[in-house]
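See below for the structure under consideration.
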Amino acid sequence: MSEEFDLSGCPVLPAHPTGELREQLADVRYIFTDLDATMLAPGSCALSDNEGNPSTELLETVVALKRAGIEIIPCSGRNRAMLQEDARILGFNSYIGEMGGLLMLDLKAGKWEYFTADMPYDPACGLTPHQVIERADVCQQIIDRWPERIEYHNDMSTGYKHREVTIGMRGEVDDAEAQAMLDEAGLGLVWANNGFLTHISMPTTLDLDKIGAARPYIVMPSGLDKGKGIERFCELRGIDRAQTLAIGDSESDFLMAPHVGTFVCVENALKDPAAPALIAGNDNVYVARGKIVDGWMYMARAVLAARA
């Protein structure tokens, strides 16, 4: 974690907000958060710091937010099986999975729904949205086009078949060409870059020496993204946008910014090529000091300081 980022010229989130920003953060009741490379330490761990040392700081921060009456809502590309366990262990009652496609509104009550944005979907068809996409066979065509460079994402070894709305992939390929292949399939699908992988779960078919740093990708319905998922979630839950904050590290997270009251980037988000446009195009964006979990905790403490 030696990489340093130049924060000069960035709208840095103050540790002790004042004025209008303090009032804005004091109203936050809901934090929508990305998980990997944002809230969780490398390896998707909640009990270590960025260097892998044992730490309970994140859990203590989560408890402090809950005591303050702030609901933490994971907003992730992860599937239901993974998020259900995350929520159970960390005590969350809601989450948004599969890049906005799965809205868990109330875990205890079992209240949830699919959200497919611009993709026509009739639940009466007997297939999940994932199965509808899979039948087009375009994902296998992409794998055949780049052998050992792209594969289905096995979601921490739980398997890609556990997905219900999107299809997860991982590797390193030409984004424009992959999108062109999806366009040719005629289903209105999008090739979404979901940041950078900090861990490759086994087994894998990837030639890691050949591709270098792998990225997670999501094949998803047109119009679907984390921001639209949050918008629909808030509509169903009756949540005021002014009471929301979102935090993330990658281009797919940046799409949350227009749909929340405040958006925060952890420092490592600045390596994403889309970061300058995010900051220039949205007046509600701030950069937290600290990479990954350090930045997440910095954000949380700033929110709590605004309420003090």
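The values are calculated or read from the model by the stated rules, or taken from the named source; none is laboratory data. This one's a predicted model, so the numbers in the text were calculated from it and none came from an experiment. Backbone-built Cβ (ideal geometry, glycine too); neighbour counts: all protein chains shown.
Things to note:
- Verdict on Ser44 being among the polar types (S, T, N, Q), closer than 30 Å to Leu189 by Cα, within 16 Å of the chain's Cα centre (by Cα) and at pLDDT 95 or above: no
- Residues of region 54-94 classified as assigned to a helix (DSSP H, G or I), over 20 Å from Arg29 (Cβ atoms), touching a strand residue (DSSP E or B) at 6+ places or on another chain (Cβ under 7 Å) and without any contact (Cβ under 8 Å) to a residue 24 or more places away in the chain, total: 1
- Selection of strands (runs of 3 or more DSSP E) fully inside region 191-298 by the criterion of at least 3 residues being more than 29 Å from Ile142 (Cα to Cα), in contact with a Phe, Trp or Tyr (Cβ under 9 Å, 6 or more places away or on another chain) and not charged (D, E, K, R) returns 244-248, 262-265, 285-287.
- Of the residues Val285, Val266, the single one that is touching a residue at least 60 places away in the same chain (Cβ under 8 Å), surrounded by 18 or more Cβ atoms within 10 Å (Cβ to Cβ) and over 23 Å from Ser44 (Cα atoms) is Val285.
- Here region 97-139 is the region considered, the condition is being among the basic types (Lys, Arg) and part of a loop (DSSP other than H, G, I, E, B), and the residue that is modelled with the highest pLDDT is Lys108.
- Scanning region 41-52 for residues that are in contact with a strand residue (DSSP E or B) (Cβ under 9 Å, 6 or more places away or on another chain) and either basic (Lys, Arg) or assigned to a loop (DSSP other than H, G, I, E, B) (or both) yields Pro42, Ser44, Ala46, Leu47, Asp49, Asn50, Glu51, Gly52.
- Subset of region 222-249 (residues that are of a type in the set (Gly, Ala, Ser), closer than 25 Å to Thr128 by Cα and surrounded by 17 or more Cβ atoms within 10 Å (Cβ to Cβ)): Gly227, Gly229
- Search result, residues across region 160-190 that are in contact (Cβ under 8 Å) with a residue 12 or more places away in the chain, out of contact with any strand residue (DSSP E or B) (no Cβ under 6 Å at 6 or more places or on another chain), hydrophobic (A, V, I, L, M, F, W, C) and part of a helix (DSSP H, G or I): Met181, Ala185
- Residue check for Leu255: among the hydrophobic types (A, V, I, L, M, F, W, C) and modelled with pLDDT of 95 or more: yes
- Residue match in region 100-115 (condition: charged (D, E, K, R), surrounded by fewer than 20 Cβ atoms within 10 Å (Cβ to Cβ) and in contact with a Phe, Trp or Tyr (Cβ under 9 Å, 6 or more places away or on another chain)): yes
- Restricting region 164-205 to residues that are within 17 Å of Asp225 (Cα to Cα) and aliphatic (A, V, I, L, M), the residue that is surrounded by the fewest Cβ atoms within 10 Å (Cβ to Cβ) is Leu187.
- Only one of the numbered conditions (1) buried (at least 18 other Cβ atoms within 10 Å of the Cβ); (2) closer than 26 Å to Tyr30 by Cα; (3) out of contact with any Cys (no Cβ under 9 Å at 6 or more places or on another chain) is violated by Asp253, and that is (3).
- Annotation note: of Leu25, Leu102, the sole residue that is in contact (Cβ under 8 Å) with a residue 24 or more places away in the chain, touching an Asp or Glu at 6+ places or on another chain (Cβ under 9 Å) and either over 17 Å from Met297 (Cα atoms) or among the hydrophobic types (A, V, I, L, M, F, W, C) (or both) is Leu102.
- In region 206-221, the qualifying residues are those that are surrounded by 14 or more Cβ atoms within 10 Å (Cβ to Cβ) and more than 17 Å from the chain's Cα centre (by Cα), and the one that is modelled with the lowest pLDDT is Ile211.
Residue by residue, here is whether (1) under 30 Å from Lys210 (Cβ atoms); (2) crowded, with 20+ Cβ neighbours inside 10 Å; (3) hydrophobic (A, V, I, L, M, F, W, C) holds:
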| site | (1), (2), (3) |
| --- | --- |
| Gly77 | yes, yes, no |
| Ala81 | no, no, yes |
| Glu98 | yes, yes, no |
| Asp122 | no, no, no |
| Gln141 | yes, no, no |
| Arg145 | yes, no, no |
| His162 | yes, no, no |
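- Selection from region 42-56 of residues that are more than 20 Å from Phe196 (Cβ to Cβ) and surrounded by 14 or more Cβ atoms within 10 Å (Cβ to Cβ): Ser55
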